[in-house]
Amino acid sequence: REMKRTKNILKEYSDNLNAIVKERTQELEELNKVLLTDLEYAKEMQRCLLPTELPKDIPVSFHAEYFTAERLSGDFYNVIKLDDDNIAVYIGDVSGHGVSAAMLTVFANQNVLQLKEKEESSGEIIEPGFILKTIYKSFNKTNINEDNYILMLYGVYNIKSKSFTYASAGINVPPYTIKGSGEIIEMNAKGFPICKLGDYVNPFYDTRKVKLESGDKILFYSDGLVEAQNKNGDIYGQNRLENFLKNNYYLNPDDLKVAIRNNLFNHIGYGEKLMDDVTFIIMQV
């Protein structure tokens, strides 16, 4: 009788447990569905900050690729026509992944757009170093976690002088100037990251200038390109990228964009998941 009573108690407990698990599973599925819907909405909002169309019908062309490792990206970029003679280009990468990283990209983009409005109202082009300095100060006024930071490069191409003036906030992969002759030149991209050290560090962001000629190209990219790994753990690497550019310097920007993309996925394997976001922009005079 004791055995039978115990068996009945266990059966009742088991039935109740199954019902509870089923109920909780259903609740989790509903919550997950809401979360995924919110993430898709956030993804669309983030994509709205990316350029839908790059400037055309001017003596310089831009071609970009953008691949996310997750639903939300930590990379950001834009190309903005400031006036008839000046075009701003910026590319950046923020710490982390997911929602927190996506919010940092929104912060960076919104700050650049606010500064663009100041340029339009004043009629003067703001120096790239001052742009980054202003974002650094703005970042330190926020309540953003101290572990977060932004790496970016901001520059302005002047159509008349054919010069690219830029500053770096610690972007960890240097852009390449690709000369019409085939020479590949690594640009100086040293700089201080945009981080929560405003109480201790007051960085100066150097504004540098590169003189370009007709046919010259510049490749801007995020570290996800050169740090991409295949299933054996081999990274794509900057040496591979440099050699690829030396062998394909003559391609027009659109063909070069496709060639870089194919070379990347040939290395990591088509269908393989990216470990980090990949963004690159090709500018040609």
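The values are calculated or read from the model by the stated rules, or taken from the named source; none is laboratory data. Just so you know, these numbers come straight off a predicted model, no measurement behind them. Ideal geometry is used to build each Cβ from the backbone, glycine not excepted, and the neighbour counts take in all protein chains shown. All accessible areas refer to the heavy atoms of the entire protein, side chains included, with ligands and DNA or RNA removed. Shrake-Rupley method; radii C 1.70, N 1.55, O 1.52, S 1.80 Å.
What fraction, in whole percent, of alpha-carbon pairs in the chain exceed 34 Å separation?
Tail of the P(r) past 34 Å holds 30 percent of the pairs.
At R0 = 35 Å, how high is the FRET efficiency between Lys160 and Glu186 if r is their beta carbon distance? Nearest 0.05 is fine.
0.85
Kindly report the accessible area of the chain per residue (heavy atoms of protein chains, probe 1.4 Å, no ligands, DNA or RNA), in Å².
Averaged over the residues of the chain, the accessible area is 55 Å².
Hey, what D do you get for the range 71-170 in µm²/s if you plug the Kirkwood alpha-carbon radius into Stokes-Einstein at 25 °C and 0.890 mPa s?
Reported coefficient: 175 µm²/s.
Apply the Karplus curve 6.51 cos²θ - 1.76 cosθ + 1.60, θ = phi - 60°, to the phi angles in the range 191-203 and return the couplings in whole Hz, x for Gly and Pro.
Karplus values, whole Hz, x for Gly and Pro: x, 9, x, 7, 9, 8, 10, x, 6, 10, 10, 10, x.
What stretch of the chain, leaving out the sites themselves, is the longest with no GluC sites (Glu not before Pro) in a DSSP loop having at most 12 other Cβ atoms within 10 Å?
No qualifying site falls inside 214-285, the longest such stretch.
Would you kindly find the accessible area of Leu251, with a 1.4 Å probe and non-protein molecules such as ligands, DNA and RNA excluded, rounding to the nearest 10 Å²?
40 Å²
Tell me the net charge near Glu213. Cut-off is 12 Å between Cβ atoms, Glu213 excluded, with +1 for each Lys or Arg and -1 for each Asp or Glu.
It works out to a net charge of +2.
Just report the Cα centroid separation between the range 78-116 and the range 205-265, whole Å.
The distance from the Cα centre of the range 78-116 to that of the range 205-265 comes to 21 Å.
Report the label-to-label distance for Asn16 and Glu30 in nanometres (one decimal), using points 7 Å from each Cα along the Cα→Cβ vector.
The two pseudo-label positions are separated by 2.3 nm.
For Glu227, which sequence-distant residues (separation of 5 or more, or a different chain) have an amide H within less than 5 Å of its own amide H, given hydrogens modelled in the peptide plane?
Distant-sequence amide H within range of Glu227: Gly237.
Give the cross-link partners of Lys33 among the lysines, using a straight C-alpha distance below 18 Å as the criterion and excluding same-chain residues fewer than 8 apart.
Lys22, Lys43
I'd like to verify something in the chain: which complete DSSP H helices, judged by Cα projection on the helix axis, reach 27 Å or more and average at least -1.0 on the Kyte-Doolittle scale?
Result, helices passing both filters: 2-48, 98-122.
Sort Leu225, Leu28, Leu113 from largest to smallest accessible area, using a 1.4 Å probe on the heavy atoms of the protein chains.
Heavy-atom accessible area, descending, gives Leu28, Leu113, Leu225.
In the chain, carbon and sulfur make up what percent of the accessible area (probe 1.4 Å)?
The nonpolar share, carbon plus sulfur, comes to 50 percent.
Around Asp216, which amide H atoms from residues at least 5 apart in sequence, or from another chain, sit under 5 Å from its own amide H, with H modelled in the peptide plane?
Those lying under 5 Å, H to H, from Asp216 are Gly180, Val285.
Mind telling me which of Ser222, Ser14, Ser138 comes out most flexible in a GNM of the chain, alpha-carbon contacts under 10 Å?
So, out of Ser222, Ser14, Ser138, the one fluctuating most is Ser14.
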